[in-house]
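**Student:** First the structure, then my questions, so here it is.
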Amino acid sequence: MTLNVGVIGVGMIGQDHIRRLTHVLSGARVAAVTDVDLDRARTVADDLPDAGLHASGAELIADPGVDAVVVTSWGPTHEEYVLAAVAADKQVFCEKPLATTEEACSRIVDAEVAAGRRLVMVGFMRRYDAQYNAVKSTIVGGGIGLPLMMHASHRNPSVPDFFTSDMIINDSTVHDIDTARWLFDDEIAAVTVLKPRVSSKARPGFNDPLLVLLEMSSGVLVDVEASVNSGFAYDIRGEIVCEDGTVELSESAGAIVKKAGHFSGRVPADWRERFSRAFDTEFQAWIGAATAGTSTGPSAWDGYAATVVCDAGLAALRSGAREPVTLRDKPDLYKSDPSRETRW
Ligand code: NAD
Ligand code: ISE
């Protein structure tokens, strides 16, 4: 059976996901697209075999020829489309963030709980990355003792002009927030944000880099150096310090060249290069689950929790103080959460 997918929002990542659904993965085809920029959607549709063009997301979701929905429009528009897909009883893959406010995420959680089954997957693709999975298998294996702390870096070479200091937290560090929750199978209890010396490459008034300290409920501390004007490349790092050893992400796949007393290798240019395989694995998992009428991976609860932690991070950025994180009670639907499945 082929899963007929409708894509809402055909900008940068929407087009990248359409490419993988059309040319890389099996079991799905793009049956319809839409975008608030209809000319862009038309251009994308024209390049696809038999894809319909819809004037709105609501129309696309209502299309009986669309079995499942991918939401890759701007963050503030996600809630409307995810709620409409849930109301239509259609599986939906939503890029991060699930929604931009705690209240909006909560409404999605409520809608899914009322539906009585998982319909929503959130695009936290790091959970499908081979290196992160190797790190997780090491700590779960227990051979190096209990984790004590994690040092992470999230360095973007540059960002567009509309990017703000707040977005370092809720657009970039949101991935590290989800990764910490997933790696340690634990919630984040508090957030502190420190502002180091500002990079001369940052626009005036822009706090870049930031040092974000996440306190897990267990007491594990996670420090995330987040920067968006690093200039040199897209550099994602992580090292977990345990009682009897450490485990860290290896350098990205590719050749290491040793020559004239030095060694060198490639650092990815951007998130598309670094996480290309992870996106493929993530989408293949979604296609399989959606075809079977269920969902998998990062859930609406994970999307909700990440947004609440981001909000605490934004409060900490402004206050300079340690900001506690308070989550609502976790609904039963998410208690045996497939996102906790290991993939090694
Ligand atoms: P983009 O600006 O390139 O594309 C967004 C598209 O959505 C545009 O074509 C825009 O016209 C369209 N759009 C805006 N409002 C809409 C509406 N109401 N209805 C329909 N379409 C609408 O942005 P992008 O970089 O592709 O990011 C899109 C989403 O993907 C964001 O939520 C972003 O955070 C997420 N993202 C995730 C990753 C990742 O690593 N997982 C990477 C990049 C972006
Ligand atoms: C972007 O939206 C992503 O999600 C990337 O994974 C992240 O590294 C980048 O900082 C964000 O802007």
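The values are calculated or read from the model by the stated rules, or taken from the named source; none is laboratory data. Because the structure is predicted, anything quoted here is derived from the model rather than measured. Counting neighbours? That spans all protein chains shown, and the Cβs are built from the backbone with ideal geometry, glycine included. All accessible areas refer to the heavy atoms of the entire protein, side chains included, with ligands and DNA or RNA removed. Shrake-Rupley method; radii C 1.70, N 1.55, O 1.52, S 1.80 Å.
**Student:** For a quick check, take a GNM of the chain with Cα springs below 10 Å and name the residue from V267, V92, V193 with the largest mean-square fluctuation.
**Tutor:** Looking only at V267, V92, V193, the biggest GNM fluctuation is shown by V267.
**Student:** Rg and Dmax of the stretch 40-123 over Cα atoms: what are they, in angstrom?
**Tutor:** Considering the stretch 40-123 through its Cα atoms, Rg and Dmax are 13.1, 39 Å.
**Student:** In the stretch 196-344, if every C-alpha pair distance is counted and binned at 5 Å from zero, what percent goes to each bin?
**Tutor:** 2, 7, 10, 14, 17, 18, 16, 9, 5, 2, 1, 0
**Student:** A follow-up question, please. Please compute the per residue accessible area over the chain with all protein chains in place, 1.4 Å probe, rounded to a whole number of Å².
**Tutor:** Dividing the accessible area of the chain by its residue count gives 43 Å².
**Student:** How tilted is helix 174-184 with respect to the longest principal axis of the chain? Cα atoms for both, answer in degrees (0 to 90, nearest 10).
**Tutor:** 70
**Student:** Can you bin every Cα-Cα distance in the stretch 1-149 into 10 Å intervals starting at zero and give me the percent of pairs per bin, rounded to whole numbers?
**Tutor:** Distribution as computed: 11, 37, 29, 15, 6, 1 percent.
**Student:** Now for a separate question. Set the Förster radius R0 to 45 Å, insert the Cβ-Cβ distance between H151 and D16 as r into 1/(1 + (r/R0)^6), and round the FRET efficiency to 0.05. It would help to have the intermediate numbers written out before the result.
**Tutor:** Details: r = 30 Å, r/R0 = 0.66.
FRET efficiency, H151 to D16: 0.95.
**Student:** Which FRET efficiency, nearest 0.05, do T77 and D185 yield, Cβ-Cβ r, R0 30 Å?
**Tutor:** After rounding, the FRET efficiency stands at 0.45.
**Student:** Per 5 Å bin, what percent of the C-alpha pairs of the stretch 257-317 does each bin hold, from zero upward?
**Tutor:** Per 5 Å bin, starting at zero, the Cα-Cα P(r) for the stretch 257-317 comes out as 4, 13, 11, 12, 15, 15, 11, 7, 7, 5, 1, 0 percent.
**Student:** Roughly how tilted is helix 102-115, in degrees to the nearest 10 and between 0 and 90, from the longest Cα axis of the chain?
**Tutor:** Between helix and principal axis, roughly 50 degrees.
**Student:** Find, to one decimal place in angstroms, the Kirkwood hydrodynamic radius of the stretch 170-239, where the mean of 1/r is taken over every pair of different Cα atoms and then inverted. Intermediate values should be presented prior to the final figure.
**Tutor:** On the way: mean 1/r = 0.0766 Å⁻¹.
Kirkwood radius, the stretch 170-239: 13.1 Å.
**Student:** Subtract the Cα-Cα distance of S218 and E251 from 0.36 nm times their separation in residues, and report this length gain in nm to one decimal.
**Tutor:** Working: separation 33, 0.36 × 33 = 11.88 nm, distance 2.85 nm.
That works out to 9.0 nm of additional length.
**Student:** Give me the distance in nm between label points sitting 7 Å out from Cα along the Cα-to-Cβ direction at S26 and R203, one decimal.
**Tutor:** 4.6
**Student:** Something else now. List, in order, the whole-Hz ³J(HN,Hα) value for each residue of the stretch 64-77 obtained from phi through the Karplus relation with A = 6.51, B = -1.76, C = 1.60 and θ = phi - 60°; use x for Gly and Pro.
**Tutor:** Along the stretch 64-77, the couplings run x, x, 9, 7, 8, 10, 10, 10, 10, 8, 5, x, x, 9 Hz.
**Student:** How tilted is helix 130-141 with respect to the longest principal axis of the chain? Cα atoms for both, answer in degrees (0 to 90, nearest 10).
**Tutor:** 60
**Student:** If amide H atoms are built 1.01 Å from N in the plane of the peptide, which residues on other chains or at least 5 residues away come under 5 Å of the amide H of G238?
**Tutor:** S153, L249
**Student:** Hey, can you rank 296-303, 132-139 by average C-beta count inside 10 Å, highest first? Before the final figure, lay out each step's value.
**Tutor:** Working: 296-303: 26.2, 132-139: 18.5.
Output ranking for 296-303, 132-139: 296-303, 132-139.
**Student:** Over all directions, the average projected area of the alpha-carbon convex hull for the stretch 103-191 comes to how many nm²?
**Tutor:** Values: hull surface 33.6 nm².
Averaged projected hull area, Cα only: 8.4 nm².
**Student:** Next question. Percent of accessible area on the stretch 53-119 owned by carbon and sulfur, 1.4 Å probe? Spell out each step's value before the answer.
**Tutor:** Working: 1500 of 2630 Å².
Answer for the stretch 53-119 is 57 percent, counting heavy atoms of protein chains only.
**Student:** OK, next. So, with a 1.4 angstrom probe, what is the percent of accessible area on the stretch 201-269 that is carbon and sulfur?
**Tutor:** On the way: 2100 of 3790 Å².
About 55 percent, which is the carbon plus sulfur part of the accessible surface.
**Student:** What whole-number distance in Å separates the alpha-carbon centres of the stretch 160-180 and the stretch 14-49?
**Tutor:** One Cα centre to the other: 26 Å.
**Student:** Given Cα pairs under 8 Å that are at least 6 residues apart, what percent is the relative contact order of the stretch 251-344? If you can, show how the numbers build up before the last one.
**Tutor:** Values: 50 pairs, mean separation 18.6, N = 94.
Computed over the stretch 251-344, the figure is 20 percent.
**Student:** Given the Cα-Cα distance of A321 and H262 and 0.36 nm per residue of separation, how much length would full extension add, in nm? Mind dumping the intermediate values first?
**Tutor:** On the way: separation 59, 0.36 × 59 = 21.24 nm, distance 4.38 nm.
Result: 16.9 nm gained on full extension.
**Student:** Rounded to whole Hz and in sequence order, give me ³J(HN,Hα) for the stretch 35-50 from the Karplus expression 6.51 cos²θ - 1.76 cosθ + 1.60, θ = phi - 60°, writing x for Gly and Pro.
**Tutor:** Values, residue by residue: 6, 4, 8, 5, 5, 4, 4, 5, 4, 5, 4, 4, 8, 10, x, 6 Hz.
**Student:** On to the next question. Compare T164, T34, T307 in a GNM of the chain, Cα atoms joined below 10 Å, and give the one with the largest fluctuation.
**Tutor:** T164
**Student:** Related question: Counting only Cα atoms, I'd like the Rg/Rh figure for the chain, Kirkwood definition for Rh.
**Tutor:** With Rg and the Kirkwood Rh in hand, the quotient comes to 0.96.
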